[in-house]
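The values are calculated or read from the model by the stated rules, or taken from the named source; none is laboratory data. Just so it is clear, the model here is predicted, and its values are computed rather than measured. Cβ sites come from the backbone with ideal geometry, for glycine too, and all protein chains shown count toward neighbours. Only protein heavy atoms, including side chains, enter the accessible area calculation; ligands, DNA and RNA are left aside. Shrake-Rupley method; radii C 1.70, N 1.55, O 1.52, S 1.80 Å.
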Number of protein chains: 2
Amino acid sequence: MDAQRAAILEAAVELLAEHGYVGCSMSGVAARAGIATGGVYRHFSGKAELVAELFRVVVSREVAAVEQAAAGSGDLTSRIVAVVETFAGRALKAPRLAYALLAEPVDAVVEQERLVFRRKFAEVFTKWVEEGMRAGVLPRQDAALTAAALVGAVAEVLVGPLAAGSADPDTIPSLVTFTVRALGGNDARNA
Amino acid sequence: MDAQRAAILEAAVELLAEHGYVGCSMSGVAARAGIATGGVYRHFSGKAELVAELFRVVVSREVAAVEQAAAGSGDLTSRIVAVVETFAGRALKAPRLAYALLAEPVDAVVEQERLVFRRKFAEVFTKWVEEGMRAGVLPRQDAALTAAALVGAVAEVLVGPLAAGSADPDTIPSLVTFTVRALGGNDARNA
DNA sequence: TTAAGCAGTGAATCGCGATTCACTGCTTAG
DNA sequence: CTAAGCAGTGAATCGCGATTCACTGCTTAA
């Protein structure tokens, strides 16, 4: 059965959310999953495979949350607002996890997954930027670059608060303002 | 004498630029500096101290380059252009080093230094954003947040090319355009 | 000239987590 | 009922880089 595989992954997710990547030792994950160290190797070829899949699981949850949030609202601006609010809001609610996803040092294998993570978000943004340009709401621009830049911008702004402790309550609104301005959206051009 | 300390650091810088953080093992650095492993411990209490100082050295060079580039030009826009061009240009010329500075996984001690690095750049930006607001060239905004966001944006856009191989030659101009627009600068609002 | 002291040596040791493996039960097909 | 096979055990082993340390030479001051 593969319920165990899922259970082990869930244990790893918990540890990641509690203690970050360092907390995800094979023995730690095994213990949390309620099995012995060696048991993990029945389901994963090694740490690399476990961790890669761990990241994939967590990332797809985040991407799904963001896409769903965006799907709800209508015009471009409210979509972007929804994306940033969801992304940032979730990050601030699960700081340890967000930090692990965005910035925490990990080994090379995982780093690849992290790049994938960021690229996925960037792709979501790219889609909307292109749509905005077609609709004439946004100025001409390199959509992929803008998207990557926005992902970086949001991540960077969040990492400070995440690494420290608390965040200014204005962080999210300010971030939204920045995003809209950076896109060149025709409302909210100032303030 | 402390010429040796400097020589060891320089060896570490070389290794960092060639092979990234992973290349900076104590024995590797010692070998490159032309001394035996143990010798390094005459000058540094341990790896943590060595690496922290290594980062400080490299970072201060980068910050100095950027500040100098900005000091040359006159109006706000050209300063910003200079900053982004310098920062990105240097990064693309020394990709391994830039990657190590911006994104490569490292241990906790170094991570602190990395945050310092990014904060320093953000501070440089903050100064100019505030100046721009005073001069009425830029709209009201949370200067520190904008600055952090821009550092993140530039870093993120660069990490892709750095991790892969080559960069689109339009990367830097596009980045400059993005930056100006994100600041809300009154020229270059589109295109 | 002698002795203290410092830079440097490099093999041995440590620490730490990943990985292995001989072994224990349970489950299930024949 | 029996034997194969699979999930799981957990102590031993590995790998790897940081760190230590007894020892070697050079330099310098008395």
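Descriptive notes on the structure:
- Choice from B:GLU131, B:GLU62, B:GLU85 showing the highest fluctuation, given a GNM over chain B with Cα pairs closer than 10 Å: B:GLU131
- Accessible-area composition of the protein assembly as shown, carbon plus sulfur, in percent [1.4 Å probe]: 54 percent
- Here the Kirkwood formula puts the hydrodynamic radius of the protein assembly as shown at 22.1 Å, using every distinct Cα pair.
- Label spacing, shortest first and in nm, from A:SER166 to its equivalents in the remaining copies (7 angstrom along Cα→Cβ): 5.2
- Ascending distances from the A:ASP2 label point to its copies in the other chains, with the point 7 Å along the Cα-to-beta-carbon line: 6.0 nm.
- Think of the stretch B:55-183 as having a plus end and a minus end, set by charges on the Cβ of Lys, Arg, Asp and Glu; of B:PRO169, B:THR126, B:TYR99, B:THR126 sits farthest toward the positive end of this dipole.
- Shape call, the stretch A:79-191: gyration tensor on alpha carbons, a/c limit 1.5: oblate
- Taking a straight line from the alpha carbon of B:LYS127, not one of the lysines sits under 23 Å away once near neighbours fewer than eight places off in the same chain are left out.
- Label-point separation in nm, B:ARG140 to A:ALA64, each point 7 Å along Cα→Cβ: 4.2 nm
- Here the calculated FRET efficiency for A:ASP2 and B:ASP2, from their Cβ-Cβ distance with R0 = 51 Å, stands at 0.30, rounded to the nearest 0.05.
- For a modelled paramagnetic label at A:GLU10, 7 Å from Cα along Cα-to-Cβ, the residues of the stretch A:26-64 in reach, with backbone nitrogen under 14 Å, are A:32-35.
- Residues B:ASP168 and A:VAL57, FRET efficiency given R0 of 35 Å [Cβ-Cβ distance, rounded to 0.05]: 0.60
- For B:ALA65, inter-copy label distances in nm, listed shortest first [label point 7 Å out on the Cα-Cβ vector]: 3.8
- Translational diffusion of chain A was estimated from the Stokes-Einstein equation, with Rh taken as the Kirkwood radius over Cα pairs; at 10 °C and 1.306 mPa s the coefficient is 89 µm²/s.
- Taking every alpha-carbon pair under 8 Å whose residues sit at least 6 apart, chain B reaches a relative contact order of 21 percent.
- Taking a straight Cα-Cα cut-off under 14 Å and skipping sequence neighbours fewer than 8 places away in the same chain, the aspartates and glutamates within cross-link reach of B:LYS93 are B:GLU18, B:GLU62, B:GLU85, B:ASP168.
- Between helix A:171-183 and chain A: long-axis angle, C-alpha atoms, 0 to 90°, nearest 10: 60 degrees
- In this structure, A:GLU18 and B:SER27 have a Cβ-Cβ separation that, at R0 = 45 Å, corresponds to a calculated FRET efficiency of about 0.80.
- Accessible area expressed per residue, the stretch B:1-44, with surrounding protein chains retained (probe 1.4 Å, Å²): 50 Å²
- Relative to the dominant Cα principal axis of chain B, helix B:3-19 is inclined by about 60°.
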